[in-house]
Each structure stands twice: as structure tokens, then as C-alpha cells.
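Everything on this sheet refers to the single structure shown next.
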Amino acid sequence: MKITSIIAIYALFWVISAFLLLPFGVKTHEEAGLEKVPGQADSAPADFRPGRLALRATGISAVLTALYIANYFQGWITVDDINLFGTPPGFED
């Protein structure tokens, strides 16, 4: 596996992890007991920390990328393992 492929897979895992982590640990102004700014959405976060989110996404994506690469070389889960419907007619070797 080339390094460019590993970087691309890591980037995909990072973006997915970041979007999945966005709603966790966020409190609205009402939940935090703070005053809202006029015109502010009710769902706006009171204290958004993008650095913490990026750090968490980096760690999770590093673990997921390592597992993906280990599976690539070890072959723990293959296409045959997740093929639920079998080989379609006319595609036998």
C-alpha cells in the first residue's frame, strides 16, 4: 500500500470522525445557564472548542487507519466475508 493511499484513507477517517464527534459534549446557552445574544439560534453552542474536536478526531482516525491497514495486510475481513448474496449468476470463474 502506498503512502498516498494511507494519507487519503486517514483523511477520510478524520473527516468522518470529526462530523460524528460534533454533537458530543456541546451545551447550548440555555443548558449552560448563559445569556443569549439577540438573534442567536436556540441550538447554538455556548462554548465550542474546535481544537478539542480536532484532537479527538485525530486520535480516533489514527486508530481506525491503523486497523484498516492491519486488515489490509492480514486479511481478517475480506469481500467474501461481507458478500451476503453470493456470486451473481454468470460471474463464476
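Each reported figure results from applying straightforward, stated rules to the coordinates on display, with no laboratory input. As the structure is a prediction and not an experimental result, all values here were calculated from the model. Neighbour counts run over all protein chains shown; Cβ positions are idealised from the backbone, glycine included.
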Cβ pairs under 7 Å, 6+ apart, first in the range 1-30 and aromatic (Phe, Trp, Tyr), second surrounded by 13 or more Cβ atoms within 10 Å (Cβ to Cβ) and in a helix (DSSP H, G or I): 10/61; 10/65; 13/61; 13/64; 13/65; 14/57; 14/58; 14/61
Count - residues of the range 62-76 that are surrounded by 10 or more Cβ atoms within 10 Å (Cβ to Cβ) and in a loop (DSSP other than H, G, I, E, B): 1
Residues of the range 31-54 satisfying the condition of being in contact with a helix residue (DSSP H, G or I) (Cβ under 6 Å, 6 or more places away or on another chain), free of Cβ contacts under 8 Å to residues at least 12 places away in the same chain and among the small types (Gly, Ala, Ser): none
Considering residues of the range 11-56 that are in a helix (DSSP H, G or I) and of a type in the set (Gly, Ala, Ser) only, the residue surrounded by the fewest Cβ atoms within 10 Å (Cβ to Cβ): 51
